[in-house]
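**Q** Okay, handing you the structure first.
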Amino acid sequence: MIRPYYFILAIFFFILVALSLIAFILIYMYLRNKSTKKQQKWTVMANLLIRKAIFFEEIEDDIPVTLRVQQSLKQTPFRKFLTNELLKAKKNVSGSAAENIKQLYLQLNLNQYALAGLKNRRWYLKAQAIQELSVMGLKEYLTKIYRFTNNANELVRMEAQIAIVNFYGFEGLRFLDVVSYPITEWQQIKLLQELLRISPDNFKGIEKWLKSPNKTVVVFALKLVRGYHRFELHDSVVGCLADADKQVKLQAIISLGEIYTAETSRLLIGQFLSAHPKHQLAIIKVLQNIATDDDIPFLLQQLDHENVEIKLFAARALANISAKGLESLMNHKQALQYPFIEIIAQVKNELAI
Amino acid sequence: MRILVAEDDDLMLKTLEFRLKRDGHEVIVTHDGKEALEQIAIHSPDLVITDIMMPYSSGLEIISAVRQNYVNRIPIIILSGMYQEDVVLEAFQLGADDYITKPFSPNELTVRVRRFGFAHAVHA
């Protein structure tokens with residue numbers, strides 16, 4: 001039998017827990033509500049100011065900033081919030097509107113906080129500061145940012161490299177001359193994407209990057225060669241076929257498919273037998289587009305290769321060369337047997353399309 | 001002109017609204033693709049300006065729906081941060097009339113919208 005004393009104690013304890021829980025929920029809701037309201041107030045303040053800046057037309061005057069905004073800027077959270085809103089706006093507008101946003105950013109001295117971020121030991125603050133200065137297009141800080149292009153931290157390095165390209169376009173790629181850390185696949189995609197917005201204007205440097213001791217730089221240079229069809233670099237790319245690095249060799253094969261000459265298919269065929277299976281497949285794929293009638297005997301040989309994928313691409317290459325190539329494929333000794341009967345049907349279908 | 005703007009970024013939406021109103025247009029603002037399609041059905045705007053990446057229905061879906069469901073050809077301007085060739089081509093193939101990439105100049109937008117306004121006045 002439970003003593004009444006314990007029973008009362010249990011009820012008291014239960015009520016205490018329930019009350020604490022209710023108090024916690026109420027306080028939490030109050031704080032959340034307060035925070036939401038503050039956020040809404042900040043959004044209105046920031047939006048009004050940015051809109052005013054975007055459509056500001058007085059050339060020599062400062063953009064009018066209310067006392068309320070000026071005072072709120074003393075609070076770090078608001079300053080960060082406004083900076084983010086300015087960055088978002090700057091990414092969306094161009095021309096005089098973008099210049100006005102930049103003017104407002106400088107007028108509010110927000111660049112000083114970004115500069116302090118550059119000196120901060122924490123990598124994420126550094127990366128954030130670089131991105132901020134880059135989006136705002138503050139070229140005067142280029143030298144400060146440039147030294148981070150070979151920073152030990154991957155994200156700091158990435159932001160700095162993108163910032164430099166953003167500032168100087170293809171000329172900004174000169175960081176490739178000195179970068180010793182790897183340029184990741186993701187970073188290469190980001191850089192190529194950034195470059196898409198800019199006119200290439202026959203940029204220089206690729207030849208040097210093709211000989212870089214940093215293999216990821218060579219890989220990136222090979223992507224530039226094929227992306228911008230730098231035919232004059234054909235021989236340098238052929239030189240990369242001898243590279244011990246598998247990725248360099250693979251990218252060289254793929255690039256040759258874009259900047260080929262009459263000699264390219266012969267050169268690639270010369271590499272085929274001693275090549276790694278991955279490279280063999282790449283060579284056959286490239287031959288689909290660049291092989292000539294002279295390559296028909298080699299391609300016919302590859303129809304007997306043990307790798308079915310190589311068989312398929314060799315068949316495709318034969319069909320793509322000329323009527324003679326297609327005829328040779330159809331006359332293959334096993335043309336009516338599996339898998340050739342299916343491969344030929346597929347290839348003919350593709351030709352019809 | 002009555003212009004419907006579909007844009008999920010609030011600041012961008014307000015900026016566009018402000019600019020277009022200042023240029024003398026009547027502006028209907030919508031925050032996502034679904035709302036845009038509903039408002040198009042209600043208001044029959046003279047021009048639609050839409051982003052591509054939006055919740056519920058994308059800008060490309062808006063073009064398709066408008067081109068399929070409306071006999072009167074409503075001009076559509078795409079205003080997007082996506083500048084990849086395949087996206088731009090797809091937008092035009094679906095029936096977009098103009099494509100402005102972000103970052104964009106509000107002054108340029110005014111001029112481009114004016115072109116459609118002129119065409120609208122001629123056909124009215």
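Rule-based calculations on the coordinates, nothing more; no lab input. Computed from a prediction, not measured in an experiment: that's the story for all the values here. Quick reminder, even Gly has a Cβ in these numbers, built from the backbone with ideal geometry, and neighbours come from all protein chains shown.
**Q** Could you list which residues have their amide H under 5 Å from that of B:Ile100, counting only those 5 or more apart in sequence or on another chain, with H placed in the peptide plane?
**A** So B:Ile100 has HN proximity to B:Ile78, B:Leu79, B:Ser80.
**Q** Strictly over 23 Å apart at the Cα level, which of A:Lys211/A:Lys246; A:Lys190/A:Lys215; A:Lys52/A:Lys144; A:Lys80/A:Lys119; A:Lys88/A:Lys190 would you flag in this model?
**A** Beyond 23 Å between Cα atoms: A:Lys52/A:Lys144.
**Q** A further question on this structure: Calculate how steeply helix A:110-119 sits against the longest principal axis of the alpha-carbon atoms of chain A, using the helix alpha-carbon long axis, and give the answer as 0 to 90 degrees to the nearest 10.
**A** Tilt of helix A:110-119: around 70 degrees.
**Q** Would you please give the FRET efficiency between B:His43 and B:Asp10, computed as 1/(1 + (r/R0)^6) with r the Cβ-Cβ distance and R0 = 30 Å, to the nearest 0.05?
**A** 0.90
**Q** Turning to a different aspect of this structure: Bins of 10 Å, beginning at zero and ending with the bin holding the largest distance: percent of Cα pairs per bin for segment A:230-328, please.
**A** 17, 52, 28, 4
**Q** Could I ask something else about it? Could you identify which residue out of A:Asn307, A:Asn289, A:Asn33 has the top mean-square fluctuation in a GNM of chain A using Cα springs shorter than 10 Å?
**A** Its mean-square fluctuation being the largest, the pick is A:Asn33.
**Q** I've got another one for you. If the elastic network links every pair of Cα atoms under 10 Å, which of B:Asp98, B:Asp46, B:Asp23 fluctuates the most in the Gaussian network model of chain B?
**A** B:Asp23
**Q** Let's test the formula: R0 of 35 Å, r as the Cβ-Cβ distance of A:Asn289 and A:Glu171. What FRET efficiency results, to the nearest 0.05?
**A** 0.65
**Q** Could you please report the charge total around A:Pro277, scoring K, R as +1 and D, E as -1 over all other residues with beta-carbon less than 14 angstrom from its beta-carbon?
**A** After counting each charged neighbour, the total is +3.
**Q** If you don't mind, another one. Would you compute, for the Cα atoms of segment B:2-118, the largest minus smallest coordinate along each principal axis and list the three values in descending order, in whole Å?
**A** 32, 31, 28
**Q** Rounded to two decimal places and with Rh computed the Kirkwood way over Cα pairs, what is Rg over Rh for segment A:1-148?
**A** Ratio value, two decimals: 1.30.
**Q** Output wanted: per-residue J couplings in Hz (rounded whole) for segment B:26-32, from phi through Karplus 6.51 cos²θ - 1.76 cosθ + 1.60, θ = phi - 60°, x for Gly and Pro.
**A** Karplus values, whole Hz, x for Gly and Pro: 8, 10, 10, 9, 9, 9, 7.
**Q** Would you mind computing, in nm to one decimal, how far apart the modelled labels at A:Tyr181 and A:Ile198 are, each placed 7 Å from Cα along Cα→Cβ?
**A** 2.0
**Q** Once the dipole of the protein assembly as shown is set up with Lys and Arg at +1 and Asp and Glu at -1 on Cβ about the Cα centre, which of A:Ala317, B:Ser58, B:Phe118 lies farthest towards its positive end?
**A** Going by the charge dipole, the pick is B:Ser58.
**Q** Taking amide H atoms as placed 1.01 Å from N in the peptide plane, list the residues 5 or more away in sequence, or in a different chain, whose amide H sits under 5 Å from that of B:Ile28.
**A** B:Ile3, B:Leu4, B:Val5
**Q** How long are the three semi-axes of the equivalent ellipsoid for chain A, computed from the Cα gyration tensor as the root of 5 times each eigenvalue, in whole Å, largest first?
**A** Those come to 59, 34, 20 Å.
**Q** Moving on. Rounded if a/c is under 1.5, else prolate if a/b is larger than b/c, else oblate: which is segment B:1-62, with a ≥ b ≥ c the root eigenvalues of its Cα gyration tensor?
**A** Oblate is the answer for segment B:1-62, as a/c is 1.5 or above yet b/c matches or exceeds a/b.
**Q** Can you tell me how much longer the chain between A:Gln334 and A:Arg68 gets when fully stretched, taken as 0.36 nm per residue apart minus their C-alpha distance, in nm with one decimal?
**A** 87.4 nm
**Q** So, one more: When the label point is put 7 Å from the Cα of A:Glu232 along its Cα-to-beta-carbon vector, which residues of segment A:246-272 have a backbone N closer than 11 Å?
**A** Label zone hits: none.
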